[in-house]
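Peer 1: Encoded as structure tokens, here's the structure I'll be asking about.
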Amino acid sequence: MHEGSRVDLLPRLGAFARLLHDAGLEAGPRRLTDATRALGCIDLKQELDFRNALRSVFVSRKEDIPTFEAAFDIFWAPPDPRSAAGVLPGRSRALPLSPERAKAWANALGLNASQMNREQDATEFPASSSGYSAEELLRHKDFEEMTWTETEQVRRLLEQAPWRVAEKRTRRLRPSRTGRIDLRRSARHAIRSSGELMTLFRRKPRVRRRPLVLICDVSGSMERYSRLLMIFAHAIARREDLEAFVFSTRLTRITRLLRQRDLDRALDSVSKRVHDFSGGTRIGDALADFNRHWARRVLGHGAVVVIISDGWDRGDPSHLVAELIHLHRSAHRLIWLNPLLGSEGYEPLTRGMAAALPHCDDFLAAHNVAALEDLGRLLASLDSRKSR
């Protein structure tokens, strides 16, 4: 690492922060300021000190370390003249960039675009393998392991899925060819027919879809699943009577934002409206806010409540239990989706999840398309009785 002047280093440091931001790390102005201060405390000739100083500023979670290391090697390390452009010896991990951003960065840095992107060849899933189609394999792949291209394919699968919530009988009646005799209508018709009861009219209860309430965790531990779960929420919102909320440290209603027909515009609106994406998790506080301000408005007509969270909670478990009991009394059915449930050997041992389980009617996975389709089948088959 050549030292150069600190003044000349600032523009490159800003560009490196933009690369980290595009790769999914938090690298805003505040982090950039901290990085500048950190570099002022080290000898810039020492590459290891330089790397560690930037890592200490831009990495706040263990799972972000590989992404930071790949970005640092691509941006700062001198290329090996014996290797192809953009290929760094000993570094096989690529960055999670969209194809467009990968191409732009590759051009800016003079690298091979394949090094910038973790997008894999279309041959990753063969046309058929042991009787399974590529689409079937994609349905069972964990959201966390998907490439950008696969995410876009899943997006189309979720948008095309026939989501349908079960219907319920209402107290209102409608004319019908079958059902109970409608004496009032039959008598009214008889009066107009000289008092002779010539025709018996019938009626039966109206049916309507059950309202669906979605409460989704978008905290830091759920970051790897948040985008696809928002795509899932948008797909349902276009077909069903959906009320949607997200929470991290506080609860935010996003129902109107998801009603936009254009998915990208809807997701952009959600990201701008929700200011605590990837923050801490306070499930009990979020449910308390929902019970206090929204439950009476959205839980009528036998609503089904779906909570999506991994159960990592920084709050008091007893507070979470009290709010879940309150919520369960008001809902026709309370379903908890946990993306971690699809992991091999997972057990719900966290304080929040262990406290919540006894008060949920269903506990399902949400880590891939197949799991969300299982939820769809459950919603379509709900009976008219309140579960116990």
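Each value in this text was obtained by applying a stated rule to the coordinates, not by laboratory testing. For clarity, every value in this text was computed on a predicted model and none was experimentally measured. Here the Cβ is made from the backbone with ideal geometry for all residues, glycine too, and neighbour counts use every protein chain on show.
Peer 1: Can you compute the FRET efficiency between E136 and K272 using 1/(1 + (r/R0)^6), with r the Cβ-Cβ distance and R0 = 45 Å? Round to the nearest 0.05. Don't skip to the answer; put the middle values down first.
Peer 2: Details: r = 36 Å, r/R0 = 0.80.
FRET efficiency, E136 to K272: 0.80.
Peer 1: Moving on to the next point. Once you keep just the Cα pairs under 8 angstrom separated by 6 or more residues, what percentage relative contact order results for segment 234-369?
Peer 2: Working: 208 pairs, mean separation 27.8, N = 136.
In percent, rounded to a whole number, it is 20.
Peer 1: Between rounded, prolate and oblate, where does segment 201-278 land on the alpha carbon gyration tensor, with a ≥ b ≥ c its root eigenvalues, rounded for a/c under 1.5, else prolate if a/b exceeds b/c? Provide the component values of the computation, followed by the final result.
Peer 2: Numbers: a/c = 2.93, a/b = 2.22, b/c = 1.32.
Prolate is the answer for segment 201-278, as a/c is 1.5 or above and a/b outweighs b/c.
Peer 1: Let me know the shape class of segment 262-345, please: from the alpha-carbon gyration tensor, a ≥ b ≥ c as square roots of the eigenvalues, rounded when a/c is under 1.5, otherwise prolate if a/b is greater than b/c, or oblate. Could the numbers behind the result be given before it?
Peer 2: Values: a/c = 1.43, a/b = 1.14, b/c = 1.25.
Because its axes are fairly even, with a/c under 1.5, segment 262-345 counts as rounded.
Peer 1: Which aspartates and glutamates, on any chain, are close to K45 with Cα under 13 Å apart, when same-chain ones fewer than 8 places away are left out?
Peer 2: E3
Peer 1: Determine, for each peptide in 175-188, 368-381, the mean count of other beta carbons within 10 angstrom over its residues, then list the peptides with the highest first.
Peer 2: Details: 175-188: 12.1, 368-381: 17.1.
Top of the packing list down: 368-381, 175-188.
Peer 1: Something else: By per-residue mean of other Cβ atoms within 10 Å, what is the highest-first order of 330-343, 313-326, 252-265? Show your work: numbers first, answer last.
Peer 2: On the way: 330-343: 21.2, 313-326: 17.9, 252-265: 15.4.
For the peptides 330-343, 313-326, 252-265, the packing ranking is 330-343, 313-326, 252-265.
Peer 1: Shape verdict for segment 210-380, please, from the Cα gyration tensor: rounded (a/c under 1.5), prolate (a/b greater than b/c) or oblate.
Peer 2: Details: a/c = 1.24, a/b = 1.17, b/c = 1.05.
Rounded, because the longest to shortest axis ratio a/c is under 1.5.
Peer 1: Can you spot the aspartates and glutamates whose alpha carbon is less than 18 Å from K272's alpha carbon? Ignore those fewer than 8 places along the same chain.
Peer 2: Answer for K272, where 18 Å is the Cα cut-off: D22, E26, D217, E223, D262, D264, listed by chain and number.
Peer 1: Ranked highest first by average number of other Cβ atoms within 10 Å, how do 360-367, 140-147 line up? Spell out each step's value before the answer.
Peer 2: Details: 360-367: 19.0, 140-147: 16.5.
Top of the packing list down: 360-367, 140-147.
Peer 1: Oh, and also: Could you point to the residue in L372, F245, L228 farthest towards the positive end of segment 210-380's charge dipole, with +1 and -1 charges on the Cβ of Lys/Arg and Asp/Glu respectively?
Peer 2: Farthest along the dipole direction, towards plus: F245.
Peer 1: What does the net charge come to around I191 if you take all other residues with beta carbon closer than 14 Å to its beta carbon, with K and R at +1 and D and E at -1?
Peer 2: +3
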